[in-house]
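In what follows, a single structure is set out as structure tokens and then discussed.
The values are calculated or read from the model by the stated rules, or taken from the named source; none is laboratory data. Here the structure is a predicted model, which is why all the values come from computation and not from measurement. Counting neighbours? That spans all protein chains shown, and the Cβs are built from the backbone with ideal geometry, glycine included. Calculation scope for accessible area: heavy atoms of the full protein, side chains included, ligands and nucleic acids excluded. Shrake-Rupley method; radii C 1.70, N 1.55, O 1.52, S 1.80 Å.
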Amino acid sequence: EPVAAEAVPGQFISMYTNDGAKLLPRPISLCEIDKEKGALRVVYRVTGEKTGTKQFSQMKAGDSLEVMGPLGNGFPLKSKKAFLIGGGIGIPPMLELAKQLNCEKQIILGYRNSDMFLLDEFKKQGEVYIATEDGSVGTKGNVMDAIRENALEADVIYACGPKPMLRAIKVYALEKGIPCWVSMEERMACGIGACLGCVCQSTETDAHSHVHNKRVCKDGPVFRSTEVEL
């Protein structure tokens with residue numbers, strides 16, 4: 001599979017359903033990349049009964065669908081003591097990043113409750129810290145609460161998750177003077193920069209259009225945290 005051969009952590013693929021009524025593909029982050037087998041692993045949340053993700057969940061081994069990718073950019077791999085921070089559906093893309101980073105890794109994962117996916121696989125890659133909204137496991141609260149409770153420190157930050165989480169991490173990184181990269185993958189539609197459904201505000205003006213916009217799918221989904229307004 002040529003997609004697996006070229007893919008890097010932080011990128012995504014657009015998966016088309018076999019339902020002609022659904023024209024737009026669903027952008028889904030890469031959880032694992034197996035270059036030897038030419039295989040990709042994706043982990044996604046089923047969002048409703050008649051959605052593309054519901055259709056994907058009903059597919060069986062041997063079924064085929066159209067895939068476009070790899071799309072977007074990836075995380076820059078720095079050899080520094082790192083935070084890998086994932087929240088909710090932003091957790092899966094952190095796994096391949098953890099596997100490819102050759103440094104001391106502190107993995108901070110934010111879940112809603114004790115229903116914690118991929119946890120055992122993350123534990124093979126580094127020291128794992130957990131925050132749950134309901135306090136059932138680890139720190140009660142969010143990923144920043146877990147970082148403070150455990151007095152964690154890092155020289156570089158990688159993060160993927162909902163916007164409020166990324167906003168808090170950006171503030172923390174600025175306070176500490178730590179370089180930080182965030183993946184804003186939760187806001188995409190077409191995946192190729194055409195529909196402009198995923199535009200985010202950038203801190204600098206685009207040289208071509210002179211507006212403060214970046215397309216998450218084409219210019220990202222990974223951005224230096226100081227590049228984007230959160």
(request) Mind counting the residues in region 141-181 that are touching a Ser or Thr at 6+ places or on another chain (Cβ under 9 Å) and charged (D, E, K, R)? (result) 4
(message) Tally up the residues in region 89-117 that are out of contact with any strand residue (DSSP E or B) (no Cβ under 7 Å at 6 or more places or on another chain), part of a helix (DSSP H, G or I) and either more than 26 Å from residue 3 (Cα to Cα) or of a type in the set (Gly, Ala, Ser) (or both), please.
(response) 0
(request) Among the numbered conditions (1) open to solvent by 60 Å² or more (accessible area, probe 1.4 Å); (2) modelled with pLDDT under 90; (3) over 30 Å from residue 181 (Cα atoms); (4) not β-branched (Val, Ile, Thr), tell me where residue 54 comes up short. (result) (1)
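With the structure loaded, tell me whether residue 74 is in contact (Cβ under 8 Å) with a residue 12 or more places away in the chain and assigned to a strand (DSSP E or B) or whether it fails that test.
Values: in contact (Cβ under 8 Å) with a residue 12 or more places away in the chain: yes; assigned to a strand (DSSP E or B): no.
Taking the combined requirement at face value, the residue does not satisfy it.
Looking at 89, 108, which one is crowded, with 16+ Cβ neighbours inside 10 Å and modelled with pLDDT under 95?
Numbers: 108 fails: modelled with pLDDT under 95.
89 is the lone residue from the list that is crowded, with 16+ Cβ neighbours inside 10 Å and modelled with pLDDT under 95.
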(request) Determine if region 171-191 includes at least one residue that is at pLDDT 95 or above, crowded, with 16+ Cβ neighbours inside 10 Å and out of contact with any strand residue (DSSP E or B) (no Cβ under 7 Å at 6 or more places or on another chain). (result) yes
(request) Could you look through region 141-157, keep only residues that are assigned to a helix (DSSP H, G or I) and farther than 12 Å from residue 107 by Cβ, and pick out the one that is most open to solvent (accessible area, probe 1.4 Å)? (result) 148
(request) Give region 158-171 a look and list any residue that's in a helix (DSSP H, G or I) and under 26 Å from residue 30 (Cβ atoms), or say none. (result) 163, 164, 165, 166, 167, 168, 169, 170
(request) Write out, first by first residue and then by second, each pair whose Cβ atoms fall under 6 Å of each other, whose residues are 6+ apart or on separate chains, and whose first residue, in region 42-61, is closer than 22 Å to residue 112 by Cβ while the second is open to solvent by 40 Å² or more (accessible area, probe 1.4 Å) and part of a loop (DSSP other than H, G, I, E, B). (result) 53/44; 53/46; 53/47; 54/46; 57/46
(message) Please go through (1) under 29 Å from residue 182 (Cβ atoms); (2) open to solvent by 20 Å² or more (accessible area, probe 1.4 Å); (3) part of a loop (DSSP other than H, G, I, E, B); (4) not hydrophobic (A, V, I, L, M, F, W, C) for residue 63 and return the number of the only condition it doesn't satisfy.
(response) (1)
